[in-house]
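Q: Attaching a single structure in structure tokens format; questions to follow.
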Amino acid sequence: MHFHGVRGTIACPGGEYVRYGGNTSCIELRFGPHLVILDAGTGLRPLGVELMQNGKIDCDLLLSHTHLDHIAGLPFFLPLFTKGNTVNLWAGHLAGQQEGLKQVIKRVMSAPLFPVPLEALGAKIEFRDFEAGTSIALKPGLTVRTTTLNHPNGATGYRLEYGGHSVCYITDTEHVGDRLDPHILDLIEGTDIFIYDSTYTDEQYPRYRGWGHSTWQEGVRLANAAKVKLFVVFHHAPEHIDDIMDEIAAAVRHARPASCVAQEGMILRP
Ligand SMILES: [Zn+2]
Ligand SMILES: [Zn+2]
């Protein structure tokens, strides 16, 4: 798995974000011949440029939700503009809502917000709404379980399994207080890699109650309780410049050695 964007809330360019990266959520996963992309944050743009060098593209793009930091890269994803490519977009928080995924993306990619309408794109784009909490069938041998997360306007957590290995992607979500979120615990049980919304520290969290995000300490508690192999700190706050992230990284490793902090460009293998 290749991390192309690890920042939360908004892209952060500049010299204070060089080591951990400023692009928002986007992770590339390869399961045998299958390409799966988690979220379409600004990290999706450079990934699209890279993909275009390798011929035709057929991918599944799983969205945690449609807040701007998770879809801002989509209008700039070059494979959408080329005939012969197939992009399947999945979201679990809009089923039964007034607008489904297609309507939401169409709204974003419309004048005067964006000059190129959805209909003008060359690729075959499929919009798939599903209900968070159900399993979805992406490709043979690739199972995907999902759960509802605790976030304003909803969000979906994913567990992907292929060839005996598993990866869990849990962002954006706020922990539920005096107990570990049972939905998340159930989903991440025994997983190889657990990526978690670690926007805040426990010390900062009381100021941001109700904003829909969690802490790296809660990630450690969940990872330990669910016997996760590797815990990955993800969705870094814009305020957390490189020097602060170094401090967080040291504290996380001290609290749970089998952990790491996501950095743009990082590659992990389960
Ligand atoms: Zn976010
Ligand atoms: Zn969000």
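Q: Among the residues of segment 1-19, how many are part of a loop (DSSP other than H, G, I, E, B) and within 14 Å of GLY41 (Cβ to Cβ)? Full working, then the answer.
A: We begin by selecting, within segment 1-19, every residue part of a loop (DSSP other than H, G, I, E, B); these are 1, 6, 8-14, 18-19.
From what's left, within 14 Å of GLY41 (Cβ to Cβ): 6, 8-13.
Summing the residues that are part of a loop (DSSP other than H, G, I, E, B) and within 14 Å of GLY41 (Cβ to Cβ) in segment 1-19 gives 7.
Q: Here are some conditions: (1) surrounded by 15 or more Cβ atoms within 10 Å (Cβ to Cβ); (2) touching a residue at least 40 places away in the same chain (Cβ under 8 Å); (3) under 17 Å from ALA91 (Cα atoms). LYS106 meets all but one. Which one does it not meet?
A: (2)
Q: Go through segment 56-77 and give me each residue that's outside any loop (DSSP other than H, G, I, E, B) and within 14 Å of GLY41 (Cα to Cα). Lay out the reasoning, then the answer.
A: Filtering segment 56-77 for residues outside any loop (DSSP other than H, G, I, E, B) gives 58-63, 68-71, 74-76.
Selection gives LEU61, LEU62, LEU63, LEU68, ASP69, HIS70, ILE71, LEU74, PRO75, PHE76.
Table: residues versus (1) without any contact (Cβ under 8 Å) to a residue 12 or more places away in the chain; (2) aromatic (Phe, Trp, Tyr).
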residue	(1), (2)
GLY14	yes, no
TYR17	no, yes
HIS34	no, no
ASP39	no, no
LEU47	no, no
LEU51	no, no
LEU61	no, no
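Q: Can you tell me which of (1) in a strand (DSSP E or B); (2) more than 22 Å from ARG256 (Cβ to Cβ); (3) in contact (Cβ under 8 Å) with a residue 24 or more places away in the chain is the one HIS151 doesn't meet?
A: Here HIS151 meets the rest and fails (1).
Q: What are the residue pairs meeting all of these: first residue in segment 154-178, first residue under 17 Å from HIS65 (Cβ atoms) and more than 16 Å from ligand 1 (Cβ to nearest atom), second residue of a type in the set (S, T, N, Q) and part of a loop (DSSP other than H, G, I, E, B), Cβ atoms under 6 Å, and 6 or more apart or on different chains?
A: Once the first residue is under 17 Å from HIS65 (Cβ atoms) and more than 16 Å from ligand 1 (Cβ to nearest atom) and sits in segment 154-178, its partners that are of a type in the set (S, T, N, Q) and part of a loop (DSSP other than H, G, I, E, B) give CYS168/THR191.
Q: Against the conditions (1) away from ligand 1 (no atom under 16 Å from the Cβ); (2) under 17 Å from the mean Cα position of the chain (by Cα); (3) over 21 Å from ARG269 (Cα atoms); (4) not hydroxyl-bearing (Ser, Thr, Tyr), where does ARG207 fall short? Just the number, please.
A: Answer for ARG207: the failing condition is (2).
Q: When the residues of segment 130-185 are narrowed to those that are within 16 Å of ligand 2 (Cβ to nearest atom) and among the aromatic types (Phe, Trp, Tyr), which ends up surrounded by the fewest Cβ atoms within 10 Å (Cβ to Cβ)?
A: TYR158
Q: Quick check on segment 204-220. Is at least one of its residues touching a strand residue (DSSP E or B) at 6+ places or on another chain (Cβ under 6 Å), assigned to a strand (DSSP E or B) and of a type in the set (Phe, Trp, Tyr)?
A: There is no residue in segment 204-220 that is touching a strand residue (DSSP E or B) at 6+ places or on another chain (Cβ under 6 Å), assigned to a strand (DSSP E or B) and of a type in the set (Phe, Trp, Tyr).
Q: Identify the residue in segment 215-269 that is under 16 Å from GLY190 (Cα atoms) and in contact with a Lys or Arg (Cβ under 8 Å, 6 or more places away or on another chain) and, among all such residues, is surrounded by the most Cβ atoms within 10 Å (Cβ to Cβ).
A: Checked segment 215-269; the qualifying residue surrounded by the most Cβ atoms within 10 Å (Cβ to Cβ) is PHE231.
Q: Further question on the same structure: Can you tell me which residue among ASP242, ASP197 is touching an Asp or Glu at 6+ places or on another chain (Cβ under 7 Å), in contact (Cβ under 8 Å) with a residue 60 or more places away in the chain, within 18 Å of THR9 (Cβ to Cβ) and away from ligand 1 (no atom under 13 Å from the Cβ)?
A: ASP242
Q: Let me ask something else. Within segment 186-203, work out how many residues are more than 16 Å from ligand 2 (Cβ to nearest atom), assigned to a loop (DSSP other than H, G, I, E, B), buried (at least 16 other Cβ atoms within 10 Å of the Cβ) and not acidic (Asp, Glu).
A: Initial filter on segment 186-203 (more than 16 Å from ligand 2 (Cβ to nearest atom)): 186-194, 201-203.
Now narrow it down to the ones that are assigned to a loop (DSSP other than H, G, I, E, B): 189-192, 201-203.
Those still in the list that are buried (at least 16 other Cβ atoms within 10 Å of the Cβ) too: 191-192, 201.
Still in the running and not acidic (Asp, Glu): 191, 201.
Here the count works out to 2.
Q: Considering each residue of segment 81-103, count those that are on the phi < 0 side of the Ramachandran plot and either without any contact (Cβ under 8 Å) to a residue 12 or more places away in the chain or not aliphatic (A, V, I, L, M) (or both), and give that number. If you could, list the steps in order and put the result at the bottom.
A: Going through segment 81-103, the residues on the phi < 0 side of the Ramachandran plot turn out to be 81-83, 85-95, 97-103.
Narrowing further to those that are either without any contact (Cβ under 8 Å) to a residue 12 or more places away in the chain or not aliphatic (A, V, I, L, M) (or both): 81-83, 85-86, 88, 90, 92-93, 97-100, 102-103.
Number of matching residues: 15.
Q: Which residues, taken from segment 23-42, are away from ligand 1 (no atom under 12 Å from the Cβ), of a type outside the set (A, V, I, L, M) and within 13 Å of MET1 (Cβ to Cβ)?
A: Hits for segment 23-42 are GLU28, ARG30, PHE31, HIS34.
Q: Residues in segment 210-233: is at least one of a type in the set (D, E, K, R), more than 21 Å from the chain's Cα centre (by Cα) and at negative phi? Spell out how you get there, then give the answer.
A: To start, the set of residues in segment 210-233 that are of a type in the set (D, E, K, R) comprises 218, 221, 227, 229.
Pick out the ones that are also more than 21 Å from the chain's Cα centre (by Cα) and you get 227.
Restricting the remaining residues to those that are at negative phi gives none.
Scanning segment 210-233 turns up no residue that is of a type in the set (D, E, K, R), more than 21 Å from the chain's Cα centre (by Cα) and at negative phi.
Q: Still on this structure: Would you be able to say whether some residue in segment 110-121 is over 22 Å from HIS235 (Cα atoms), assigned to a loop (DSSP other than H, G, I, E, B) and either basic (Lys, Arg) or in contact with a Leu (Cβ under 6 Å, 6 or more places away or on another chain) (or both)? Show your work before the answer.
A: Quick first cut of segment 110-121, residues over 22 Å from HIS235 (Cα atoms) only: 110-121.
Then drop every residue that is not assigned to a loop (DSSP other than H, G, I, E, B), which leaves 110-117, 121.
Right, trim to either basic (Lys, Arg) or in contact with a Leu (Cβ under 6 Å, 6 or more places away or on another chain) (or both) and you get 121.
There is at least one residue in segment 110-121 that is over 22 Å from HIS235 (Cα atoms), assigned to a loop (DSSP other than H, G, I, E, B) and either basic (Lys, Arg) or in contact with a Leu (Cβ under 6 Å, 6 or more places away or on another chain) (or both).
Every number in this text was worked out from the coordinates using simple rules, so none of it is lab data. Just so it is clear, the model here is predicted, and its values are computed rather than measured. Every residue, glycine as well, gets a Cβ built from its backbone with ideal geometry; the counts of neighbours run over all protein chains shown.
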